[in-house]
1. Of all residues in the stretch 34-58, which are exposed (fewer than 14 other Cβ atoms within 10 Å of the Cβ) and either of a type in the set (Gly, Ala, Ser) or closer than 16 Å to LEU79 by Cα (or both)?
2. Do we find a residue being surrounded by fewer than 19 Cβ atoms within 10 Å (Cβ to Cβ), within 15 Å of the ligand (Cβ to nearest atom), among the charged types (D, E, K, R) and more than 12 Å from the chain's Cα centre (by Cα) anywhere in the stretch 60-74?
3. Which one of these does HIS6 not meet: (1) without any contact (Cβ under 8 Å) to a residue 12 or more places away in the chain; (2) touching a Leu at 6+ places or on another chain (Cβ under 6 Å); (3) not hydroxyl-bearing (Ser, Thr, Tyr)?
4. Can you tell me which residue is farthest from the ligand (Cβ to nearest atom) among those in the stretch 18-31 that are at pLDDT below 95 and under 19 Å from GLU90 (Cβ atoms)?
5. Answer yes if at least one residue in the stretch 18-30 is surrounded by fewer than 18 Cβ atoms within 10 Å (Cβ to Cβ), aromatic (Phe, Trp, Tyr), touching a strand residue (DSSP E or B) at 6+ places or on another chain (Cβ under 7 Å) and touching a residue at least 40 places away in the same chain (Cβ under 8 Å), and no otherwise.
Amino acid sequence: MYIENHPILKQDNNQEVTFFYKGTTLKANHGQTIAGALMANGIKKFGITRKLQQSRGLYCANGRCCSCFVTVNGLEHVLSCMTLIEDGMEVSPNSGDPDVRRGDYGN
Ligand code: FES
């Protein structure tokens, strides 16, 4: 579901973008955030919390809570509510610590 006509929407918001989520090809509108693109495709669970294994997803939608982390093109812990979707992007759920905290880095 999209709002198609609104004074603040840019003309190029109707341009279609293709991205991949867990091996599935999905469509989004140019200018959407990754979180918006996932929600528009019916995906509300973006990952699980490390300790309690609880669902994570969109919460504040303005870059404050870090609940919406996803992995984008192999880069972990990307804020999906603050990052625009791009054509060909590979998005996957982000569950756990980033690689920098593993192995030789003290954990
Ligand atoms: S939803 Fe809170 S930082 Fe993205």
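1. GLY42, LYS44, LYS45, THR49, SER55 - these are the residues of the stretch 34-58 that are exposed (fewer than 14 other Cβ atoms within 10 Å of the Cβ) and either of a type in the set (Gly, Ala, Ser) or closer than 16 Å to LEU79 by Cα (or both).
2. For the stretch 60-74, residues surrounded by fewer than 19 Cβ atoms within 10 Å (Cβ to Cβ), within 15 Å of the ligand (Cβ to nearest atom), among the charged types (D, E, K, R) and more than 12 Å from the chain's Cα centre (by Cα): present.
3. (2)
4. Step one: of the stretch 18-31, the residues at pLDDT below 95 are 22-23, 29-31.
Of the ones still in play, those that are also under 19 Å from GLU90 (Cβ atoms) are 22-23, 29-30.
Working: LYS22: 19, GLY23: 24, ASN29: 19, HIS30: 20 Å.
Once the filter is applied, the top-ranked residue is GLY23.
5. Quick first cut of the stretch 18-30, residues surrounded by fewer than 18 Cβ atoms within 10 Å (Cβ to Cβ) only: 18, 20, 22-25, 27, 30.
Still in the running and aromatic (Phe, Trp, Tyr): 20.
The next check asks that each one be touching a strand residue (DSSP E or B) at 6+ places or on another chain (Cβ under 7 Å); those that pass are 20.
Now restrict to residues that are touching a residue at least 40 places away in the same chain (Cβ under 8 Å): 20.
Yes, the stretch 18-30 contains at least one residue that is surrounded by fewer than 18 Cβ atoms within 10 Å (Cβ to Cβ), aromatic (Phe, Trp, Tyr), touching a strand residue (DSSP E or B) at 6+ places or on another chain (Cβ under 7 Å) and touching a residue at least 40 places away in the same chain (Cβ under 8 Å).
The values are calculated or read from the model by the stated rules, or taken from the named source; none is laboratory data. None of the values given here were measured: they were computed from a predicted structure. For neighbour counting, all protein chains shown are included, and Cβ atoms are generated from backbone atoms with ideal geometry for every residue, glycine included.
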